[in-house]
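None of the figures in this text is laboratory data; all of them are computed from the coordinates on show. Quick caveat, the model's predicted, so the values are computed rather than measured. As a convention, Cβ positions derive from the backbone with ideal geometry for all residues, glycine included, and neighbour counts pool all protein chains shown.
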Amino acid sequence: MKLEIVNKNENKTMDRFEVAFRTEHVGEPSPNRDAVRTALAGAMGVQKERVIVSNMASNYGTGISDGNAHVYGSPDSAKKHEKNYKLVRNGLAEKKAKKPKTVATKKKAR
């Protein structure tokens, strides 16, 4: 897998870099999120725990995937700003248990 950073913007307010990337994986399956996080961490020179892959989509039949990621200043900053489901997808948090639904009482029709 070959990774190319297409665009990189700094967002000082959120303590992160917003990165657009492209991976080439001709003759291979689409890369998983963990492999892309590792490659991005190496390209940016940061720890893997600071990288959150937001989305990634493969272009059918081309062996190319495009996506977006956030590279935070620290793992704590990532946990503070990202939603829980993105942290779960990237292996930085555990899935929260859903609250049991309460049964609503029906009102009598008059």
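From the C-alpha gyration tensor of the range 38-110, pull out the three semi-axes of the equivalent ellipsoid (sqrt of 5λ each), sorted largest to smallest, in whole Å. If you can, show how the numbers build up before the last one.
Values: eigenvalues 288, 77, 16 Å².
The equivalent ellipsoid of the range 38-110 has semi-axes of 38, 20, 9 Å.
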Practice item. Can you put VAL6, VAL103 in order of Cβ neighbours within 10 angstrom, beginning with the fewest? Key: VAL103, VAL6
Review point. Roughly how big is the chain's charge dipole about its Cα centre, with Cβ charges of +1 (Lys, Arg) and -1 (Asp, Glu), in debye to the nearest 20?
Key: 1460 debye
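How would you rank 16-22, 40-46, highest first, on the average number of other Cβ atoms within 10 Å across their residues? Please report the intermediate quantities before stating the final value.
Details: 16-22: 18.4, 40-46: 15.3.
Sorting 16-22, 40-46 by mean packing, highest first, produces 16-22, 40-46.
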**Study point:** Derived scalar couplings ³J(HN,Hα) [the range 94-100; Karplus, 6.51 cos²θ - 1.76 cosθ + 1.60; whole Hz; x for Gly, Pro]
**Key:** 9, 5, 7, 6, 6, 6, x
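Can you give the translational diffusion coefficient of the range 2-89 in µm²/s, computed by Stokes-Einstein from the Kirkwood radius over Cα pairs at 25 °C and 0.890 mPa s?
The diffusion coefficient I find is 186 µm²/s.
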Study note, to complete from the structure: For the range 24-67, the Debye formula with one identical point scatterer on each Cα and no solvent gives log10 I(q)/I(0) at q = 0.13, 0.27, 0.33 Å⁻¹ as -0.29, -0.96, -1.17
Review point. Full extension from THR38 to ASN84: what is 0.36 nm times the residue separation minus their Cα-Cα distance, to one decimal in nm?
Key: 14.5 nm
